[in-house]
Amino acid sequence: METVKTHNFTIVRAKLSEQIADRLEDVILNEELGDQARLPSEQVLADNFNVSKNVVRESLNILKERGLVESRNGTGNFVTRPKADNLSDVMSRMIVLDNIDYKQIYDTRMVLETSACKRAADQISEKELEELEQLQKKLMDKTLSVQERRETDLDFHIMIARASGNHLLEMLIQAMRNIIQDAMFLEKDLENWSSVDEAMEFHNKILNALSEHDASTAEEEMHEHLKKALQNVERIV
């Protein structure tokens, strides 16, 4: 694509780069440019909007922060889909600015994950169950580093969210997990083998409930799992 439609687009006194970023976002969201599509060069965009390349560069940086554009070395800028990390970044700033404590974070996580687990029990596939079992088997390996354990535990919970069939719910849960896994107290808790063994026991109960498509038990076991996780955090804090 060599041009971007600019009809009915009027420059006003707001910052030029923000206006152009908004216009390009409209183009992306309206699917005039599809996922992974290559954007026109900075010079072509500058000519389209009758601005300098520096203004275009600022606009592209805004879109990168929004998770809509990514740069690839030597090949240009491409449309991309926002990821849970983008949502996590926004939520993290809100948590700091609004003085939201870890209890509220865990409470929100509990609401989201118990709901996802209940929904997953109704429709989880054999393939998804097999993937969960493989992740659980990996988590039982006590030679895993804290980082590997943290990532695998995240994968376990995200897989359950994915099995719920609600993509937005999955994204919200991943964003919450990203926020929690960045906290130092989680790393300390993962170094405590009694906490790890306890978590594995809950995982097994959750897996059994999911495999039996027992929604109420799956929901209850996830609730107890996260409730105990919060208690461990409170003990460490």
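Structure notes:
- Each Lys and Arg Cβ is given +1 and each Asp and Glu Cβ -1; about its Cα centre, the chain then shows a dipole of about 880 debye.
- Dipole magnitude for region 23-62: about 220 debye, using +1 per Lys or Arg Cβ and -1 per Asp or Glu Cβ, origin at the Cα centre.
- For the peptides 60-68, 17-25, 121-129, 154-162, residues were scored by their other Cβ atoms within 10 Å and the scores averaged per peptide; the highest-first order is 154-162, 17-25, 60-68, 121-129.
- For the chain, the solvent-accessible area works out to 56 Å² per residue, with a probe of 1.4 Å and every protein chain left in place.
- From the C-alpha gyration tensor of region 41-108, square roots of 5λ in Å: 35, 13, 7
- Surface composition of the chain: carbon plus sulfur atoms hold 47% of the accessible area, using a 1.4 angstrom probe and ignoring ligands, DNA and RNA.
- Filter on Lys205/Lys227; Lys83/Lys205; Lys103/Lys228; Lys127/Lys205; Lys15/Lys53 - keep pairs with C-alpha separation over 24 Å: Lys83/Lys205
- Within the chain, the ratio Rg/Rh, alpha carbon atoms throughout and Rh by Kirkwood, equals 1.09.
The values are calculated or read from the model by the stated rules, or taken from the named source; none is laboratory data. No experiment lies behind these values; they were computed from the predicted model shown. Here Cβ is always computed from backbone atoms with ideal geometry, including for glycine, and neighbour counts include all displayed protein chains. In case anyone asks, the SASA skips ligands and DNA or RNA and just uses the protein heavy atoms, side chains included. Shrake-Rupley method; radii C 1.70, N 1.55, O 1.52, S 1.80 Å.
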